[in-house]
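*Asks:* A single structure is presented below for examination.
The values are calculated or read from the model by the stated rules, or taken from the named source; none is laboratory data. The shown structure was predicted, so the numbers you read here are calculated from the model rather than taken from an experiment. Cβ coordinates were reconstructed from backbone atoms using ideal geometry, including for glycine residues, and neighbour counts include every protein chain displayed. To get the accessible areas, we keep the full protein, side chains included, count just its heavy atoms, and leave off ligands, DNA and RNA. Shrake-Rupley method; radii C 1.70, N 1.55, O 1.52, S 1.80 Å.
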Amino acid sequence: MPSEAQGRVAYTLTLSCFNRPGIVAAIGQLLFDLGMNITEAQQFDDTESRHFFMRVVFGPVDPDAVSDVPRAALAGLAERFGMDWTLKDNRTRTKVLLMVSKFDHCLVDLLYR
C-alpha cells in the first residue's frame, strides 16, 4: 500500500520501454508541469535486454486540486518513448484472493509475509 493517507488522491504509474537517456527526466518534468509531487519512485534497467522499468507514485501538490490526471499528456510521453504503461488510482482497492492447501501453516506463512 502506498504511503499516502487513505482517501488522499494518489496514482501509481508503471511503465516499461527500451532504455535510453532522458526517460526519468521526462517523467519527472511532466509530473511537475501537471502540478504533481512524486512520493515514491523505483526504477530498474535490465542491461541484457536493454529494457527500462519504472514505478512512480504521485499525487497533486495541492490536496484540494482537481484530481484528474491528464492521461493524454502521459499517453503522449509514452508514445514518444515507446512505453507500455498503466496508471492506477490508489483510492481504488485491489481485490485479492488467497488460496492455500488445507494446512493452516500455508495461510499463516502468507499472511505473516
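*Asks:* Which residue fluctuates the most in the chain, going by a Gaussian network model with Cα springs under 10 Å, if the choices are 41, 72, 26?
*Replies:* 72
*Asks:* Taking K and R as +1 and D and E as -1, what net charge do the other residues with C-beta under 14 Å from the C-beta of residue 100 add up to?
*Replies:* Charge balance near residue 100 sits at 0.
*Asks:* Just need the Rg to Rh number for the chain, please, alpha carbons only, Kirkwood Rh. Numbers along the way, then the final one.
*Replies:* On the way: Rg = 17.2 Å, Rh = 16.1 Å.
The Rg/Rh ratio comes out at 1.07.
*Asks:* Charges only on Cβ, +1 for Lys and Arg, -1 for Asp and Glu: so what's the dipole of the chain about the Cα centre, in debye to the nearest 20?
*Replies:* Working: 12 positive and 14 negative charges, 59 e Å.
Roughly 280 debye, rounded to the nearest 20.
*Asks:* Cβ under 11 Å from residue 85's Cβ, residue 85 left aside: what net charge do those residues give with Lys, Arg +1 and Asp, Glu -1?
*Replies:* Taking every other residue near residue 85 into account, the sum is +1.
*Asks:* Scan region 36-113 for GluC sites (Glu not before Pro) in coil per DSSP, keeping those whose Cβ has at most 10 other Cβ atoms within 10 Å, and list them by number.
*Replies:* 48
*Asks:* Helix-only estimate, please: 222 nm mean residue ellipticity of the chain, summing -39500 (n - 2.57) across DSSP H runs of length 4 or more and dividing by its residues, to the nearest 500.
*Replies:* Rounded to the nearest 500, the figure is -8000 deg cm²/dmol.
*Asks:* While we're on this one: So, for the chain, what is the accessible surface per residue at a probe of 1.4 Å, expressed in square angstrom?
*Replies:* 71
*Asks:* Here's a follow-up. Are there DSSP H segments in the chain that both extend 18 Å or more along their axis (alpha-carbon positions) and score a mean Kyte-Doolittle hydropathy of at least -1.0? List them, or say none. Mind showing how you got there, number by number?
*Replies:* Details: long enough: none.
Counting only whole DSSP H runs, no helix qualifies.
*Asks:* Could you check how much of the accessible area of region 7-113 is carbon and sulfur, as a whole percent, using a 1.4 Å probe?
*Replies:* For region 7-113, the apolar C and S fraction of the accessible surface comes to 56 percent.
*Asks:* Can you give me the P(r) profile for region 63-113? Cα pairs, bins 5 angstrom wide beginning at 0, each as a whole percent.
*Replies:* Once binned at 5 Å, the Cα pair distances of region 63-113 give 4, 13, 14, 12, 11, 10, 9, 11, 9, 5, 0.
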